[in-house]
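Trainee: Dropping a structure here in structure tokens format, bear with me for questions.
Every number here is computed from the coordinates shown, using simple stated rules; none is lab data. Nothing here was measured: the structure is a model prediction, and the numbers come from that model. Note: ideal-geometry Cβ built from the backbone for every residue, glycine included; neighbour counts use all protein chains shown.
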Amino acid sequence: MTDNNTLSGRVAVVTGATSGIGAATARRLVAAGASVALLGRREDRLKGLTTEIGPAAVPVAVDVADQEAVYAAAATARSALGRVDLVVANAGVMLAAPFESAQTVEWDQMIGTNLNGLLYTARAFVDDLLAAAADGRAADLVLVGSIGGHQVFPNYAVYTATKAAVAHLTRGLRMDFGPRGVRVKNVEPGFVGTELGAGMLDAGQREALAGMRQAVTPLPPEDIADAIAYATGAPARVNVAELIVVPTVQG
């Protein structure tokens, strides 16, 4: 892959950009020359990140679980930056609890963000991606999943089910859009040092997650951002279709 595309001049959207992998990816893409629409729920954090990154970033406050709001955010991003050719659908929540005692509002939140949010984001920008591909440009739809799409963990059944859905959604969309020039890829992190899981209602599961992160030192979010930049910066003929990124000691 000696004739790599650079990311310079790309127009990107990153969801879940208020922290963790999303914020790190936005920084990485801008550093490589892209302009980026930062999508997330916490407007104050988006504005702070925009101030840090500079004029190549545009903040757009939105809850990706709200379909109409996502479409409105897409219009805002397009108006500010132009046609989008790189989408990183990263927004996600991880809420563990024993199935028999879980508060089902957490199930709704995970399905709404981890699955519906990715569907709405992809639908809102797919016409842009197809148009970019038709013009002979690289066009990328990155769905951020999890190793939970392949593995199961005690008390994480619903969360891992949503991530398994992301993995299979990626394969289906790749079949639909690969022949039309859009690269659909699934990036699946293992343990990463983010806020993921901080909002669990079950105190025991919050403590157990903290213990797991002490046992296995998490990757910094920048490692995942580097992986996304590598995959989307490859020549347009190459699709890094599925990429699992874990700490070495995690296997």
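Trainee: For 185, 47, which order do you get if you count the other beta carbons within 10 Å of each Cβ and list the fewest first?
Mentor: 47, 185
Trainee: So between residue 152 and residue 8, what do we pick up on full extension, going 0.36 nm a residue minus the alpha carbon distance?
Mentor: 48.0 nm
Trainee: I need 94, 200, 175, 212 ordered by Cβ neighbour count within 10 Å, fewest first.
Mentor: 175, 212, 200, 94
Trainee: Further, regarding this structure: Write down the Kirkwood hydrodynamic radius of the stretch 88-180, to one decimal in angstroms, obtained as one divided by the mean of 1/r over all alpha carbon pairs. Let's see the in-between values first.
Mentor: Details: mean 1/r = 0.0703 Å⁻¹.
Answer for the stretch 88-180: a Kirkwood hydrodynamic radius of 14.2 Å.
Trainee: Something else about it: Between beta-carbons, use under 12 Å as the cut-off and find the net charge around residue 184, counting Lys and Arg +1, Asp and Glu -1.
Mentor: Within the 12 Å Cβ shell, the charges total +2.
Trainee: Here's another thing I want to ask about it. What is the distance, in nm, between label points placed 7 Å from the Cα along the Cα-to-Cβ direction at residue 31 and at residue 79?
Mentor: Each label point is offset 7 Å from its Cα along the Cβ direction, giving 3.2 nm.
Trainee: Would you mind getting me the FRET efficiency between residue 168 and residue 71? Use the beta-carbon distance for r and R0 = 25 Å, nearest 0.05.
Mentor: 0.55
Trainee: Separate question: Using 0.36 nm times the number of residues separating residue 241 and residue 212, minus their current alpha carbon distance, what extension gain do you get?
Mentor: 7.6 nm
Trainee: Restricting attention to the alpha-carbon atoms of the stretch 11-244, what are Rg (one decimal) and Dmax (integer), both in Å?
Mentor: Expressed in Å, the Cα Rg and Dmax of the stretch 11-244 come to 16.9, 52.
Trainee: Using a 10 angstrom Cβ neighbour count of at most 16 plus a DSSP loop assignment to flag exposed GluC sites (Glu not before Pro), which longest range of the chain is free of such sites? Please report the intermediate quantities before stating the final value.
Mentor: Values: sites that count: 100, 195.
It runs 1-99.
Trainee: To the nearest 0.05, what FRET efficiency results for residue 101 and residue 43 with a Förster distance of 30 Å applied to their C-beta separation?
Mentor: E between residue 101 and residue 43, to the nearest 0.05, is 0.30.
Trainee: So how do 93, 14, 184 line up by other beta-carbon neighbours within 10 Å, fewest first?
Mentor: Final ranking by Cβ density, sparse to dense: 93, 184, 14.
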